Amino acid sequence: MAERPVATYSIAACDLAAGQWGVATQSKFLAVGSVVPWAVPRVGAIATQAYANPRYGPDGLALLREGLSAQEVVDRLTGADDGRDHRQLGVVDGGGGSATFTGTECLDWAGGIAGAGFAAQGNILVSQDTVEALAAAWAAGEGRPLAVRLVECLAAAQAAGGDRRGQQSAALLVVERDGGYAGLSDVLVDLRVDDHPDPIVELGRLLDMHERLFGKTPRTAWLPVDDALAGELRERLARLGYEGDLDDALFRWAGNENLEERLDGVEAVDPVLVDELRRQT
């Protein structure tokens, strides 16, 4: 095999109750997110690595759409691939079924664990402790948002040893039907750290920023805009140069701060907006 191996660890997983599927991965490889993670809501999630066959992503998702199970997809993909002994693959299907595959020629330590709703795998690892930590962290994170849970899995895997060559890049992909920007995309989270000395920590920082900008506070927790709050908002916006009707001024400020996803009129406001406006003024 002439190409460089995508020596990495990853977890493909789903949260059926939330209607979300995703993949998180870390590697001593430039821009691991450009190769390993693939997912489509209500269809499944795939991680392809080692001497990766990137076609496993779209081809595997197509098979999942046809109704094949995770294990059937693994069998079909690897069975048709002469390079299967060098491949590693994790698949979670639309019903939460899972399967993982490690070719016999993958570099040590290499292996995987599959269970309800997840498939964890890695190669060129310090030891099997890394994959076991992925699985244990997945179980321990039940009830947490999928994106957060997946990043926590990466952190646990790194603490257990990780890639024996070190760290370089990390990525997180989570999909949900109409869960992305403005409800017009299925990509809920797509974050990549392509080259960084501490990519998992950086990925966590980006996820925190993503949540601040694009997260959803339950409407029951929004603040009603009474006269006192309306007056405060107008005063603070004016200090920043946003004058005029409150509706218009708040819209212009929120758009400038990339917080438009947290705004819906001025009868009630997301407390994240109010906190940020107070922080700036």
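The values are calculated or read from the model by the stated rules, or taken from the named source; none is laboratory data. Because the structure is predicted, anything quoted here is derived from the model rather than measured. Every residue, glycine among them, receives a Cβ derived from its backbone with ideal geometry; neighbour counts consider all protein chains shown. Accessible surface is based on the protein model in full, side chains and every heavy atom, while ligands, DNA and RNA are left aside. Shrake-Rupley method; radii C 1.70, N 1.55, O 1.52, S 1.80 Å.
Observations on the structure shown:
- The chain: calculated mean residue ellipticity at 222 nm from DSSP helix runs of at least 4, using -39500 (n - 2.57): -10500 deg cm²/dmol
- Heavy-atom accessible area, probed at 1.4 angstrom with all protein chains present, ranks Thr217, Thr78 as Thr217, Thr78, highest first.
- For Val272, the shell of other residues with beta-carbons less than 14 Å away shows a net charge of -3, using +1 for Lys and Arg and -1 for Asp and Glu.
- Net charge contributed by nearby residues that have their C-beta within less than 14 Å of Lys216 (K/R +1, D/E -1): -4
- For segment 45-198, the pair-distance distribution built from all alpha carbon pairs, in bins 5 Å wide starting at 0, is 2, 10, 16, 22, 22, 17, 9, 3, 0 percent.
- Counting only protein heavy atoms and using a 1.4 Å probe, the accessible area of Phe118 comes to about 20 Å².
- Segment 144-281: relative contact order in percent, alpha carbon pairs under 8 Å with at least 6 residues between: 19
- Using a probe radius of 1.4 angstrom, the carbon and sulfur fraction of the accessible surface of segment 206-255 is 55%.
- Charging the Cβ of each Asp and Glu at -1 and of each Lys and Arg at +1, and nothing else, the dipole of the chain about its Cα centre rounds to 600 debye.
- For segment 1-88: rounded, prolate or oblate by the Cα gyration tensor [a/c cutoff 1.5]: oblate
- Between Asp275 and Arg219, the contour length at 0.36 nm per residue exceeds the Cα-Cα span by 18.6 nm.
- Under a Gaussian network description of the chain, with springs only between Cα atoms under 10 Å, the residue in Gly94, Gly244, Gly204 that fluctuates furthest is Gly244.
- Using a probe of 1.4 Å on the protein chains alone, the accessible area found for Arg177 is around 100 Å².
- The residues of segment 207-250 present an accessible area of 64 Å² per residue when probed at 1.4 Å with all protein chains retained.
- Relative contact order %, segment 127-204, counting alpha carbon pairs below 8 Å whose residues are six or more apart: 27
- Above 22 Å, the calculated P(r) of segment 189-281 contains 34 percent of its Cα-Cα pairs.
- Note on segment 90-108 and segment 221-262: Cα centroid distance 49 Å, given to the nearest whole angstrom.
- Environment charge of Leu172, counting only residues whose C-beta is closer than 9 Å and scoring Lys/Arg +1, Asp/Glu -1: 0
- Accessible area per residue for segment 97-183, computed on protein heavy atoms with a 1.4 Å probe, is 39 Å².
- Accessible-area composition of segment 28-87, carbon plus sulfur, in percent [1.4 Å probe]: 46
- Reported label for calculated Cα Rg over 2.2 N^0.38 Å given (1) 0.93; (2) 1.14; (3) 1.05: (2)
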